[in-house]
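Peer 1: Right, I'll just put the structure down here and ask away after.
The values are calculated or read from the model by the stated rules, or taken from the named source; none is laboratory data. No experiment lies behind these values; they were computed from the predicted model shown. Quick reminder, even Gly has a Cβ in these numbers, built from the backbone with ideal geometry, and neighbours come from all protein chains shown.
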Amino acid sequence: MQYNLKHVYDPGLPRCLNDFLNYLGTIRGKSKNTLNGYKIDLTMFFRFLKLYKGLINGDYEFKKININDIDENFVRHISLSDLFAFISFVENYRNNGDCSRARKVAAIKSFFKYLYSKAKIIDENPALELESPKISQKNPIYLSLEESKELLRAVDGKFKKRDYCIITFFLNCGMRLSELCGINISNIKEDTLTVIGKGSKERTIYLNKACRRALKNYLEERSKYHDKIKNRDALFISRNYNRINKRTVELMLKKYLKKAGLDSRKYTPHKLRHTAATLMYKYGNVDIRSLQKILGHENVSTTQIYTHVDDEELRKAVKSNPLSEEDM
């Protein structure tokens with residue numbers, strides 16, 4: 001019997017870190033990707049501390065520094081200045097930008113909050129005063145309406161109906177790559193689709209006319225090789241009759257972007273998610289709270305990046321001012 005366990009025990013990690021990762025996976029329901037990110041960041045943090053505190057002698061390779069000997073006494077003596085030193089280290093010696101440092105700060109704060117309030121290993125939380133670097137807000141990169149149509153027109157070949165359906169879902173529903181690859185046929189009921197999003201949270205996506213038509217055409221094609229499919233419930237199938245994986249989708253999109261004359265390095269499946277959100281907000285009169293639900297954002301502040309499309313309307317309004325053509 002095979003078990004799909006997010007995290008159980010890694011002998012290369014300190015006991016408290018193993019316990020923390022299990023807490024995140026079982027109690028908090030964090031995804032495997034989230035657990036892996038925390039594991040990488042906190043492993044780097046502990047390796048740095050051993051180096052910073054002079055516990056490494058002679059020649060060493062940073063990624064091979066052993067940390068499984070770190071005990072509760074070591075953790076109790078970690079101070080706020082140690083945390084500041086680590087953030088300085090990743091900025092100056094690992095070339096981490098604002099986003100990477102912010103992710104590490106989040107991992108550290110979550111870890112020490114667990115040690116203080118759940119595991120009761122520490123009496124004071126040194127990460128309470130640790131601030132996250134300010135991240136400059138950038139407008140999302142997205143395809144225009146005409147570019148989106150060009151991309152759809154570029155789809156052809158042996159898997160045309162499958163690929164057209166995939167891109168149609170991306171451009172109309174704003175789903176994540178992992179959500180699309182994980183779609184099961186049993187999760188589709190007429191015009192609704194249930195997907196598993198970040199943090200293993202379930203949400204409903206509504207399929208418009210274009211999605212339903214593309215899905216119908218693809219399912220008719222898919223039924224021709226039904227007996228060969230290894231995972232009968234998986235919606236999108238690879239050439240090997242398995243559930244399609246993320247890399248296959250990424251390469252497929254890159255191919256059609258090039259064919260449509262679009263920048264295949266600039267646009268990714270996630271940029272198609274941005275495109276769907278922007279087009280819905282710009283042309284569909286969707287309010288920000290509704291868009292938040294559609295995209296599955298936990299906080300509305302994440303969704304607010306799509307209000308950038310209002311800038312075009314503001315520009316038009318300023319240009320329409322009757323005094324705009326006046327000169328000295």
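Peer 1: Look at Leu251 and say whether it is surrounded by 17 or more Cβ atoms within 10 Å (Cβ to Cβ), of a type outside the set (Phe, Trp, Tyr), closer than 24 Å to Gly182 by Cα and modelled with pLDDT of 65 or more.
Peer 2: Working: surrounded by 17 or more Cβ atoms within 10 Å (Cβ to Cβ): no; of a type outside the set (Phe, Trp, Tyr): yes; closer than 24 Å to Gly182 by Cα: yes; modelled with pLDDT of 65 or more: yes.
No: the conditions fail for Leu251.
Peer 1: Could you tell me whether segment 57-65 includes any residue that is crowded, with 16+ Cβ neighbours inside 10 Å and under 22 Å from Tyr116 (Cα atoms)?
Peer 2: From segment 57-65, those crowded, with 16+ Cβ neighbours inside 10 Å are 65; that's our starting set.
So of that shortlist, the ones also under 22 Å from Tyr116 (Cα atoms) come out as none.
No, every residue in segment 57-65 fails to be crowded, with 16+ Cβ neighbours inside 10 Å and under 22 Å from Tyr116 (Cα atoms).
Peer 1: Identify the single condition in (1) crowded, with 19+ Cβ neighbours inside 10 Å; (2) modelled with pLDDT of 90 or more that Arg212 does not satisfy, given that it satisfies every other one.
Peer 2: (1)
Peer 1: Name the one entry in Asp156, Asp227 that is at pLDDT 95 or above and surrounded by fewer than 19 Cβ atoms within 10 Å (Cβ to Cβ). Walk me through it before giving the result.
Peer 2: Values: Asp227 fails: at pLDDT 95 or above.
Answer to the check: Asp156.
Peer 1: So Ile185 passes all but one of these: (1) touching a Cys at 6+ places or on another chain (Cβ under 9 Å); (2) closer than 30 Å to Thr26 by Cβ; (3) modelled with pLDDT of 95 or more. Which condition number does it fail?
Peer 2: (1)
Peer 1: Go through segment 108-198 and tell me which helices (runs of 4 or more DSSP H), entirely inside it, have 2 or more residues that are touching a Phe, Trp or Tyr at 6+ places or on another chain (Cβ under 6 Å) and either touching a residue at least 12 places away in the same chain (Cβ under 8 Å) or closer than 21 Å to Arg247 by Cβ (or both). It would help to see each step written out before you state the result.
Peer 2: Working: elements: 145-153, 160-173, 177-181.
It comes to 160-173.
Peer 1: All but one of (1) at pLDDT 95 or above; (2) of a type in the set (A, V, I, L, M, F, W, C); (3) within 17 Å of Lys113 (Cα to Cα) hold for Met44, so report the exception by its number.
Peer 2: (3)
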